[in-house]
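Worksheet for the structure shown next.
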Amino acid sequence: MQKILSVLFIILLPIAVVASPIDKANKYMDYGLSSDAKKIFIDIVFDEGSSDDHKAESHYRLGAIAFSENKLEIALEEWVLLQSDYPDQGEKLNISEKIDLISQVYGRTAENVLENAVARSYIKNGDFYSDEKSEITTIDTSWIPNIEAAVQWYDRVIEEFPQTDEAKSAYLKKFATVLGWQGRGQYSSDYGTYADYKKYAPMLEGVLSAFETEFPDDGNLQRLRFSIAQVHWSNRRFKETREWLNLVIEKDKGKGGFYADLSKWRLQKVEY
């Protein structure tokens, strides 16, 4: 009996095992503790000290967990990212075949994930031309028509990805770009309606009209209508100012919204 207890004591002695985070996460997976495993896999993905192999495996595991939870788009995003950033590891894991298989089984879901990524890249390209606050200034854009250059990128999103969140974002960015901004500094230029009211004010109204047609219930519409009224007011076009202010009030339908209230106050004194 004493020998048995001695052997049991030896078996139960703590053993110093140095396990990597990926091993620990996989062990959690073995025991069905996917929530704990996800936290570790996410930490590995964002840890600059993690190896490419561990990052790739973490993306793969996160995708697999999401797939098991029926979060198909998240799973695809993880696997597309794995395929893009770690192509060698992705090839070993047959990621391309998995994405193709999901596309065949679930229709356009995988394609939509990729298309949304392309749409977001178009928006970023538009931002490059019109976002004055951007610190990406290594490229000289002098003599480039910033408004038109930005707008054509936003239009690509609107045309290629209609009725999407990306299209809505592109409309709002296009409106802000055509509205324009005032340059800073003695030798800076103004843009959009600040530079050329006659050219850009009609374009601004056209952007709003198209946006309202595609997104008739969007919460930004009143703000955009009031912005157009302000453009006319700033250029002493008082007839147009009243028309747009009254339109804001009309569209409010008696709800007492902020821009309707603001329009009523402005109507009391339109002329300078």
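The values are calculated or read from the model by the stated rules, or taken from the named source; none is laboratory data. Small disclaimer: the values here were computed from a predicted structure and weren't measured. Neighbour counts run over all protein chains shown; Cβ positions are idealised from the backbone, glycine included.
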Subject >> Count of residues meeting criterion [surrounded by 13 or more Cβ atoms within 10 Å (Cβ to Cβ), within 20 Å of Gln182 (Cα to Cα) and not aromatic (Phe, Trp, Tyr)] in the range 224-272 >> reply: 9
Original post:
If we keep just the residues of the range 244-260 that are of a type in the set (D, E, K, R) and without any contact (Cβ under 8 Å) to a residue 12 or more places away in the chain, which is nearest to Val231 (Cα to Cα)?
Top reply: Glu250
Subject >> Given (1) modelled with pLDDT of 95 or more; (2) charged (D, E, K, R); (3) in contact with a helix residue (DSSP H, G or I) (Cβ under 7 Å, 6 or more places away or on another chain), number of the condition Arg266 does not satisfy >> reply: (1)
Original post:
Can you tell which of Lys251, Lys269 is closer than 24 Å to Lys173 by Cα and either of a type outside the set (S, T, N, Q) or in contact with a strand residue (DSSP E or B) (Cβ under 9 Å, 6 or more places away or on another chain) (or both)?
Top reply: Lys251
Original post:
Among the residues of the range 143-164, how many are touching a residue at least 24 places away in the same chain (Cβ under 8 Å) and surrounded by fewer than 12 Cβ atoms within 10 Å (Cβ to Cβ)?
Top reply: 2
**OP:** Starting from the range 25-54, take each residue that is farther than 19 Å from Glu69 by Cβ and list its partners that are loosely packed, with under 12 Cβ neighbours inside 10 Å and of a type in the set (Gly, Ala, Ser), counting only C-beta distances under 9 angstrom and pairs at least six apart or across chains.
**Re:** Lys27/Ala19
**OP:** Assess whether Asp218 counts as being surrounded by fewer than 19 Cβ atoms within 10 Å (Cβ to Cβ), closer than 26 Å to Val151 by Cα and not β-branched (Val, Ile, Thr).
**Re:** yes
Original post:
Taking the condition buried (at least 19 other Cβ atoms within 10 Å of the Cβ) and touching a Phe, Trp or Tyr at 6+ places or on another chain (Cβ under 8 Å), does Ile40 pass?
Top reply: yes
Original post:
Can you pull out the residues in the range 63-73 that are under 13 Å from Ile95 (Cα atoms) and either touching a Leu at 6+ places or on another chain (Cβ under 9 Å) or hydroxyl-bearing (Ser, Thr, Tyr) (or both)?
Top reply: Gly63
Original post:
Any idea which of Gly257, Gly192 is among the small types (Gly, Ala, Ser), in contact with a helix residue (DSSP H, G or I) (Cβ under 8 Å, 6 or more places away or on another chain) and within 25 Å of Val151 (Cα to Cα)?
Top reply: Gly192
Original post:
How do the helices (runs of 4 or more DSSP H) wholly within the range 44-136 filter down when requiring 1 or more residues that are modelled with pLDDT of 75 or more and within 21 Å of Lys24 (Cα to Cα): which remain?
Top reply: 52-68, 72-85, 87-92
**OP:** For Ala176, indicate whether it is part of a helix (DSSP H, G or I), touching a Lys or Arg at 6+ places or on another chain (Cβ under 9 Å) and among the small types (Gly, Ala, Ser).
**Re:** no
Original post:
Could we say that Trp181 is of a type in the set (Phe, Trp, Tyr), modelled with pLDDT of 75 or more and either outside any helix (DSSP H, G or I) or exposed (fewer than 11 other Cβ atoms within 10 Å of the Cβ) (or both) here?
Top reply: yes
